[in-house]
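Take a look at the structure below.
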Amino acid sequence: MITPWEVEGVVDYERLMKEFGIRPFSEILDKIPNPHPLMRRGVIFGHRDYERIVDAIKKGDEWAVMSGFMPSGLPHFGHKMTMDEIVWHQSMGGKAFVCIADVEARFVRGLSVEKTREFGKLYIRSIVALGLKPDNCMIYYQSSNRYVKDLAIELSSETNFSELRAVYGFNPETSLIKMFIPMIQAGDILHPQLKDFGGFKPVVVPVGADQDPHLRLTRDLANRICIFSFERIEGGVRVRSRKGESYLEKLKDLDFDLKAYEGHIDIFGDPEKIEKAVRNLEIELGGYAFIPPSSTYHKFTTGLRGGKMSSSKPESYISLFDKPEEGAKKVMRALTGGRATVEEQRRLGGIPDRCVVFELYTYHFADDKTLEEIRANCESGNLLCGQCKKQLAEIVKEFLKEFQDKAKSVDLSEFYILK
Ligand code: TRP
Ligand code: SF4
């Protein structure tokens, strides 16, 4: 069972995609100019509506990337992956919105305000050290973002208990705040499209697969809260109004061929132009005109001793703020895909696809050539785990040293940070 609050057992990504209609990322990989290594390596395995982002990149249209971090513990390599994804999307031309989910950390994890602030700072310093740029960027704490909170309130007027129960498994004993957290996250995801942030635009949300329930709900709500809805038809778009027939009248002034029916209007021409014109009209009429958010899904990071990585088990992860020597030691203790004896390993080779060390190389530390070399040497039995780990331990130690120096010295004064 996967919910945003628990991930158990081995994750079957294929099933997850089938069950919830997540598309395989491989189907759009060729369309992306210079895809990120995590995309090429299948670590980012799925998406929803990523075509919109690819289109916007190619056409030079405005778009955004947004994701969030719960400051309930030290940032670790699982978080680094999302940070790398945000930084990459920003470098591709997206506006970046970085959320420190302090409200969630307080009410789901029970942290004090002071603690969420303390951890929050480390997340901000981390993503800046990893390359986030101050231009086209906003970093904020949920508790300080009025747009997010107002949207959350507004969106809850469109949400009822049965729906939340269906998506999250809530029950009558669930507290109101726990039910409200998904509204806040929907506010996080949709607020980059508000007028004060430049209006409706494609927004991509890079996340782990456990966050998909939030995205499904947010996409539904994005549609539900808007005046007009769209359905592509032969030669154009069928437009309906969710807020009463009188709005359909207004469409008749648009500069397109159209045909009015009972309950909908068919508009003929380039569907993208039509939708844009109708969305602009909706803004004039005081609506939101949200575009349903796109998303990408990356695989979970395995805990160093197997199982899942969890911030409540320090031995299961390397924090970005662990002492470099400590990080190196954790690598040496990591579970590998090696055999029981050296003799066996020489004969049969290791299994990189079941190895935490290889996973770390794949997710964070190797270029394509190095990665292929490690795989080949591992599978042929030339490389033994002790040596392989020692090499990675050295790399991790150096990385942590450099990263922590950078994180300490980054200049945050150029950043727009809502605290
Ligand atoms: N719920 C996310 C987590 O547990 C954090 C988060 C908050 C988030 N707001 C978001 C993620 C918006 C993506 C988009 O990690
Ligand atoms: Fe993993 Fe390296 Fe051992 Fe292969 S040799 S199983 S990649 S630690």
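Could you list Phe403, Phe290, Phe119 so that the one with the fewest beta carbons within 10 Å of its beta carbon is first and the one with the most is last?
Numbers: Phe403 19, Phe290 25, Phe119 22.
Ascending Cβ contact count within 10 Å gives the list Phe403, Phe119, Phe290.
For the chain, what's the relative contact order in percent, using C-alpha pairs closer than 8 Å and at least 6 residues apart? Kindly include the intermediate steps, with their values, before the conclusion.
Numbers: 670 pairs, mean separation 77.0, N = 419.
Normalised by residue count, the contact order of the chain is 18 percent.
Could you work out how much longer the chain between Asn160 and Asn223 gets when fully extended? Use 0.36 nm per residue separation minus the Cα distance between them, nm to one decimal. Write down the numbers at each step before the final one.
Details: separation 63, 0.36 × 63 = 22.68 nm, distance 1.55 nm.
Difference between extended and current length: 21.1 nm.
Working from Cα positions, state the angle (0 to 90°, nearest 10) between the long axis of helix 77-91 and the longest principal axis of the chain.
On a 0 to 90 degree scale, this one is about 50.
Quick one: work out the % antiparallel among DSSP beta bridges in the chain, nearest 5. Display every interim value, and only then the final one.
Values: 24 of 44 bridges.
The antiparallel fraction comes to roughly 55 percent.
Report, in degrees rounded to the nearest 10, the 0 to 90 angle that the Cα long axis of helix 368-379 makes with the longest principal axis of the chain.
50
Listing Ser310, Ser380 from the residue with the fewest other Cβ atoms within 10 Å to the one with the most, what is the order? Don't jump to the answer; show the numbers that get you there.
Working: Ser310 15, Ser380 12.
With the fewest neighbours first, Ser310, Ser380 line up as Ser380, Ser310.
Taking only the alpha carbons of segment 342-414, what extent do you get along each of the three principal axes, in Å, biggest first?
56, 20, 18
For the pair Asp270/Glu325, report the inter-label distance in nm, with labels modelled 7 Å from Cα in the Cβ direction.
Result: 6.3 nm between the two label points.
Under 17 Å from a label point 7 Å along Cα→Cβ of Arg117: give me every residue in segment 54-73 with its amide N that close.
Only 71-73 fall inside the zone, counting backbone N under 17 Å.
With r as the distance between the Cβ atoms of Arg242 and Ala376 and R0 = 45 Å, compute the FRET efficiency 1/(1 + (r/R0)^6) and round to 0.05.
On the way: r = 57 Å, r/R0 = 1.26.
Given R0 = 45 Å and the Cβ-Cβ separation, E is 0.20.
How large is Rg over Rh for segment 104-208, taking Rg from the Cα atoms and Rh as the Kirkwood inverse mean of 1/r across Cα pairs?
On the way: Rg = 15.5 Å, Rh = 15.6 Å.
With Rh from the inverse mean 1/r over Cα pairs, Rg/Rh is 0.99.
Return the ratio Rg/(2.2 N^0.38 Å) for segment 263-416, where Rg is computed over Cα atoms only.
Values: Rg = 24.3 Å, N = 154, 2.2 N^0.38 = 14.9 Å.
For segment 263-416, the normalised Cα radius of gyration comes out at 1.63.
Could you give the length gained on full extension between Thr174 and Glu344, defined as 0.36 nm per residue of separation minus the Cα-Cα distance, in nm?
Numbers: separation 170, 0.36 × 170 = 61.20 nm, distance 5.22 nm.
Net length gain for the segment: 56.0 nm.
Out of residues 5 or more away from Val65 or on other chains, whose amide H comes under 5 Å of its own, with H placed 1.01 Å from N in the peptide plane?
Lys95, Ala96, Phe97, Val204
Express the C-alpha Rg of the chain as a ratio against the empirical globular expectation 2.2 N^0.38 Å, rounded to two decimals. Walk me through the intermediate numbers first.
Numbers: Rg = 23.3 Å, N = 419, 2.2 N^0.38 = 21.8 Å.
Dividing the Cα radius of gyration by 2.2 N^0.38 Å gives 1.07.
What length, rounded to one decimal in nm, is gained on full extension from Arg354 through to Leu335, with 0.36 nm per residue of separation minus their alpha-carbon distance? Could the numbers behind the result be given before it?
Numbers: separation 19, 0.36 × 19 = 6.84 nm, distance 0.91 nm.
That works out to 5.9 nm of additional length.
For the chain, what is the calculated [θ] at 222 nm in deg cm²/dmol (nearest 500), taking -39500 (n - 2.57) for each run of four or more DSSP H residues and dividing by its residue count? Show your work: numbers first, answer last.
On the way: 17 runs with 187 residues, N = 419.
So the calculated ellipticity at 222 nm is -13500 deg cm²/dmol.
Expressed as a whole number of Å, what is the distance separating the alpha-carbon centroids of segment 172-202 and segment 114-152?
15
Sort 181-193, 129-141 by the packing proxy (mean of other Cβ within 10 Å over each peptide's residues), most packed first.
Values: 181-193: 25.8, 129-141: 17.7.
Sorting 181-193, 129-141 by mean packing, highest first, produces 181-193, 129-141.
Express the relative contact order of segment 293-354 as a whole percentage, based on alpha carbon pairs under 8 Å and six or more residues apart in sequence. Could you put the intermediate results ahead of the total?
Values: 48 pairs, mean separation 13.9, N = 62.
This gives 22 percent for segment 293-354.
With viscosity set to 1.567 mPa s and temperature to 4 °C, compute the Stokes-Einstein D of segment 32-115, Rh being the Kirkwood radius across alpha carbon pairs; µm²/s, no decimals. The partial results should precede the final answer.
Values: Rh = 14.5 Å.
Stokes-Einstein gives a translational diffusion coefficient of 89 µm²/s.
Sort out for me the Cα centre separation of segment 59-111 from segment 339-387, rounded to whole Å.
So the separation of the two Cα centres works out to 31 Å.
Between Ile28 and Arg15, what is the label-point separation in nm under the 7 Å Cα-to-beta-carbon projection?
Those two pseudo-labels are separated by 2.6 nm.
Against the globular-protein guess of 2.2 N^0.38 Å, express the Cα radius of gyration of segment 321-364 as a ratio, rounded to two decimals. Write out the running numbers ahead of the final one.
On the way: Rg = 12.4 Å, N = 44, 2.2 N^0.38 = 9.3 Å.
Against the empirical 2.2 N^0.38 Å value, I get 1.34 for segment 321-364.
Under a point-charge model restricted to the Cβ atoms of Lys and Arg (+1) and Asp and Glu (-1), what is the dipole moment magnitude of the chain relative to its Cα centre, in debye to the nearest 20? Mind dumping the intermediate values first?
Details: 60 positive and 62 negative charges, 232 e Å.
That gives the chain a dipole magnitude of about 1120 debye.
So how do 254-265, 62-73, 275-286 stack up, highest first, on mean other-Cβ count within 10 Å?
Working: 254-265: 13.4, 62-73: 23.2, 275-286: 16.3.
Per-residue mean Cβ counts within 10 Å order the peptides as 62-73, 275-286, 254-265.
A short reminder: the numbers here are calculations on the coordinates, not readings from a lab. Keep in mind that what you see is a predicted model, and the values were worked out from it rather than measured. Neighbour counts run over all protein chains shown; Cβ positions are idealised from the backbone, glycine included.
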